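> Okay, handing you the structure first.
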Amino acid sequence: MSDTGTGTETGARPAGVAAAPPLLPAPGPEPEGLLSPGVAPGPSSGEAPRLGSFLARAAAATAVLTVWGAVLGLVRDQAIARYFGASDASDAFLIAWTVPEMAATLLIEDGMALLLVPAFSLALTRRAAAGEAPGSDPVRDLVATTLPRLFLLLSGGAALLIAGAPWVVGVLAPGLADPRLAVDCTRLTSVTVLTFGITGYFSAALRAHRSFLPPAGVYVAYNLGIIGMTLALHAVWGVRAAAVGVAVGSVLMILTQLPMFLRLVPLARPRLPRFGRPGRRAARTAPPLGFAVLAPVVLFVVSRQSQVLVERFLASTLPAGAISHLNYAQKVAQMPMVLSLMICTVTFPVVAQAMAAGDREKARLRVERDLGLAGTVVLLGTAVVLGYAPQIIEVLFQRGAFDAADTASTAQVMRVYALGLLGHCLVGALSRPFFSSGRPTWFPAFAMGTGLLVTMGAGYALTYRFGVDGIATANAIGISTTALLLLMGLGTRVVPIRTRAVALSLGRLTGASLVAGVAGWACAPLVPDPVLSLAAGCLLVPSAFFLTGLALRSPEVVSLLALTRRRFLDGR
C-alpha cells in the first residue's frame, strides 16, 4: 500500500476497532522510486501510482530472496531429474511431494497468511490504539491462545499421515503399479504438516510486523536441505534421499525465522490470573480466530491445491513419466507467477491494516496497483515461456536420465500451462483482499470450488484424447474461471475496485504478451544453440512486449517506460 494514499473515503469500521495510527512510523514521503504501474489513477489520486520507499525496499529485498529460492528450486529439480529422470522413482517421489505441496499452500503461502496476517494486524492496531495504557498485550495474547493449540493439532495431523500413508498413496495415485516406494517417501515427508505450520505461523507474524526478509528466505533454506540430502544420499537411499531432504529443509525453514520471531514477539511467560482458568483474559483481548473465520480459508486453500491432486490422479493412469513431465513443466512455468506475487505478499499486511482501520479507499488503490504490476510481470514471463519453452527445458534439465524425448514432452506441456499463468496470478492476488478484513467470507471458496469442478470436468474430457496436454489445458481453464469470478466479486463484496478498468488494463497486457510470445516462437528455431537462442529471446521478447504494450496504450507499460526515461535523464 502506498504510504501516502490519497483516498479520503472510509468504509464502516469493524466493531470495537478505533481508528489507530500506523503499525510502524511512516517511512516518509513517496519517492520518485519504484513505480507500481497499475490502472490509471482515479480522480482522487492525482498522480501515477507508486510504492512508498519502505515497501519498495521490502519488495526489492523480497524479490532477491524469492529469485534465490526459485533458482535453488530449479537446482533441486535438476538434481532429481539428473539422478532419477522421468521414471517410476521420480513419480513415486512426486506423489509423496503432494503432502508438502498441500501443506505449503495451506500452512505457509495462503491459508496461514490469510488467517493470521489480518489477526496480527488487528492485534497490532489494538496495541497501537492502547498506547502505553496498562493491561494485556493483544499480540502476546494472540500468540498465547493460538500457537500451543496449533502445535498440538499439527502434530496429530502429521502422526495420522504417517500411519495412513498407504491409504493416502492409494487415493492420490491409484494407477501406480508398485506403490511401496511412494508410501515410504510419503511417511518421510509427512513431518512437513508440523514444520510448515510453524513456519507459516512465524511468517504471518513477521509480515504483520513488516519484517519481510526472514519469511522470504524460508524457501532458500528449504531447497538447500533437499539439495544437500539428495546429493549426499542418493547413491544409498535412492529417491528416498530427496524425501529426507524435504523433512530436513522444513526444519531449516523454522530456524531461519526463529530469531526474528523471538525478537519481535517475545514469549515471556504470562502471569496467570488469581481466579478463573488461565488464558481467559487473553481470549478476550486477542482477535477472534473461530471456526467461522477458519473454515472459509481452509476450504478455499484446499480447493486451490486440489488442482494438483486432480492432475496427478489423472496422470497416474498414463504411461510412466507423465506425472514427472507435468511437475517439471509446472514448476518452471509458474516462476513468473511466483515473482509477480511478491509485491502482493509485501502489501498484504498494509491492505489488512487499511481494512481494519476502515480505510477502504486506501485498500482499493493498493489492490488496483498490485493487480497491474503483478499482471505485467506474469504476462511478460508467459511470453517468454510460450516462445522458448523447448530451449528453457533443454538448458535446465536435459542431462543424465532426462533425455531429448522428455524435453519435448515437458516443453509442450509447459506451453499449455502458460495459458493459465495469468489466472493463477490473479487468484493469488485477488484472494488476499477477500480475507484481509478478518471477517468470514465464503465467496473465494465458492469461486475456487467452481474452478475445481471445471478442471475435473475438462480433465476427464480431455485426458483420454490429449494425455498430459489435456490435463494442463483443464488446469488453465479451471483456474481462469476462478480468477474471473474473484475479479467480478471483489468490487461488490470487499474492496470497490474498478473492475472494468482493471480488466481492460489486463486485456491490453495480454495482447502484448501474445504478440511477444508469437515473435519468440517464430525466432527461437533460427538459433540452433539453446543457450544462445534463449539469450536472444531474453532481449527479443521483452522488446516486443513493451513495444506492443506501448502501441496498445497499456497504462502499466506507459508508466514504466516513463519512469525509465525519467531515471535515464536524471542519471545524465
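The values are calculated or read from the model by the stated rules, or taken from the named source; none is laboratory data. Note that the coordinates shown come from a computational prediction; the quantities given were computed from them, not determined experimentally. With ideal geometry, Cβ positions are generated from the backbone for all residues, glycine too; neighbour counts draw on all protein chains shown. These area figures cover heavy atoms from the full protein model, side chains too; ligands, DNA and RNA do not enter into them. Shrake-Rupley method; radii C 1.70, N 1.55, O 1.52, S 1.80 Å.
> Only one residue in 159, 165 is open to solvent by 50 Å² or more (accessible area, probe 1.4 Å) and closer than 17 Å to residue 103 by Cβ. Which one?
One residue alone meets the criteria, 159.
> Considering only residues that are in a helix (DSSP H, G or I) and of a type in the set (Asp, Glu), look in region 330-378 and name the one that is modelled with the lowest pLDDT.
Among them, the one singled out is 361.
> Looking at region 72-87, is at least one residue open to solvent by 30 Å² or more (accessible area, probe 1.4 Å), modelled with pLDDT of 80 or more, hydrophobic (A, V, I, L, M, F, W, C) and within 19 Å of residue 338 (Cα to Cα)?
yes
> Would you pick out the residues in region 300-340 that are within 17 Å of residue 423 (Cβ to Cβ) and of a type in the set (Ser, Thr, Tyr)?
Answer for region 300-340, where residues must be within 17 Å of residue 423 (Cβ to Cβ) and of a type in the set (Ser, Thr, Tyr): 303, 306, 340.
> If you don't mind, another one. If you take the residues in region 379-407 that are in a loop (DSSP other than H, G, I, E, B) and of a type in the set (A, V, I, L, M, F, W, C), which one is least open to solvent (accessible area, probe 1.4 Å)?
Within region 379-407, the match that is least open to solvent (accessible area, probe 1.4 Å) is 402.
> So which of 94, 115, 154, 107 ends up being under 24 Å from residue 327 (Cβ atoms), open to solvent by 10 Å² or more (accessible area, probe 1.4 Å) and under 22 Å from the mean Cα position of the chain (by Cα)?
On inspection, the qualifying residue turns out to be 107.
> For the condition under 24 Å from residue 105 (Cβ atoms) and among the basic types (Lys, Arg), what is the one hit in 465, 432?
Going through 465, 432 in turn, the sole match is 432.
> Kindly evaluate residue 219 against the criterion of being assigned to a helix (DSSP H, G or I), open to solvent by 40 Å² or more (accessible area, probe 1.4 Å) and of a type in the set (Ser, Thr, Tyr).
Criteria met by residue 219.
> In addition: Please go through region 197-216 and pick out each residue that is among the polar types (S, T, N, Q) and open to solvent by 10 Å² or more (accessible area, probe 1.4 Å).
The answer is 211, and nothing else.
> So the check is Cβ under 6 Å with 6+ separation or different chains; which pairs have a first residue in region 392-411 that's touching a residue at least 60 places away in the same chain (Cβ under 8 Å) and more than 18 Å from residue 535 (Cβ to Cβ) and a second one that's assigned to a loop (DSSP other than H, G, I, E, B) and open to solvent by less than 60 Å² (accessible area, probe 1.4 Å)?
Taking only residues 6 or more apart or on different chains, the pairs are 401/85; 402/85; 406/86.
> Next question, about the same structure. Please give the number of the condition residue 152 fails out of (1) in a helix (DSSP H, G or I); (2) modelled with pLDDT under 80.
Only one criterion in (1) in a helix (DSSP H, G or I); (2) modelled with pLDDT under 80 is unmet by residue 152, namely (2).
> Still on this structure, please answer the following. Within region 484-499, can you find the residues that are at pLDDT 80 or above, open to solvent by 40 Å² or more (accessible area, probe 1.4 Å) and assigned to a helix (DSSP H, G or I)?
Those that are at pLDDT 80 or above, open to solvent by 40 Å² or more (accessible area, probe 1.4 Å) and assigned to a helix (DSSP H, G or I): 484, 485, 488, 499.
> Quick one: which residue in 481, 510 is assigned to a helix (DSSP H, G or I), in contact (Cβ under 8 Å) with a residue 60 or more places away in the chain, under 29 Å from residue 430 (Cα atoms) and not charged (D, E, K, R)?
Unique residue meeting the criteria: 510.
> Something else: Please find, among 233, 262, 252, the residue that is of a type outside the set (Gly, Ala, Ser), touching a Gly at 6+ places or on another chain (Cβ under 9 Å) and open to solvent by 60 Å² or more (accessible area, probe 1.4 Å).
252
> Let me ask you something else. Please name all residue pairs, on different chains or six or more residues apart, with Cβ atoms under 6 Å, provided the first residue is in region 541-554 and is under 21 Å from residue 522 (Cα atoms) and the second residue is in a loop (DSSP other than H, G, I, E, B) and open to solvent by 20 Å² or more (accessible area, probe 1.4 Å).
Here the result reads none, with nothing in region 541-554 linked to a residue that is in a loop (DSSP other than H, G, I, E, B) and open to solvent by 20 Å² or more (accessible area, probe 1.4 Å).
Listed here are the residues, each with its yes/no results for (1) in contact (Cβ under 8 Å) with a residue 60 or more places away in the chain; (2) closer than 30 Å to residue 262 by Cβ.
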| site | (1), (2) |
| --- | --- |
| 151 | no, yes |
| 155 | no, yes |
| 162 | no, yes |
| 166 | no, no |
| 178 | yes, no |
| 198 | no, yes |
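> Residues to consider are 481, 473; find the one that is under 19 Å from the mean Cα position of the chain (by Cα) and farther than 22 Å from residue 104 by Cα.
481
Condition check ((1) open to solvent by less than 20 Å² (accessible area, probe 1.4 Å); (2) among the polar types (S, T, N, Q); (3) closer than 18 Å to residue 506 by Cβ) across all residues:
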{"residue": "309", "(1), (2), (3)": "no, no, no"}
{"residue": "316", "(1), (2), (3)": "yes, yes, no"}
{"residue": "319", "(1), (2), (3)": "no, no, no"}
{"residue": "323", "(1), (2), (3)": "yes, no, no"}
{"residue": "335", "(1), (2), (3)": "no, no, no"}
{"residue": "351", "(1), (2), (3)": "yes, no, no"}
{"residue": "355", "(1), (2), (3)": "yes, no, no"}
{"residue": "371", "(1), (2), (3)": "yes, no, yes"}
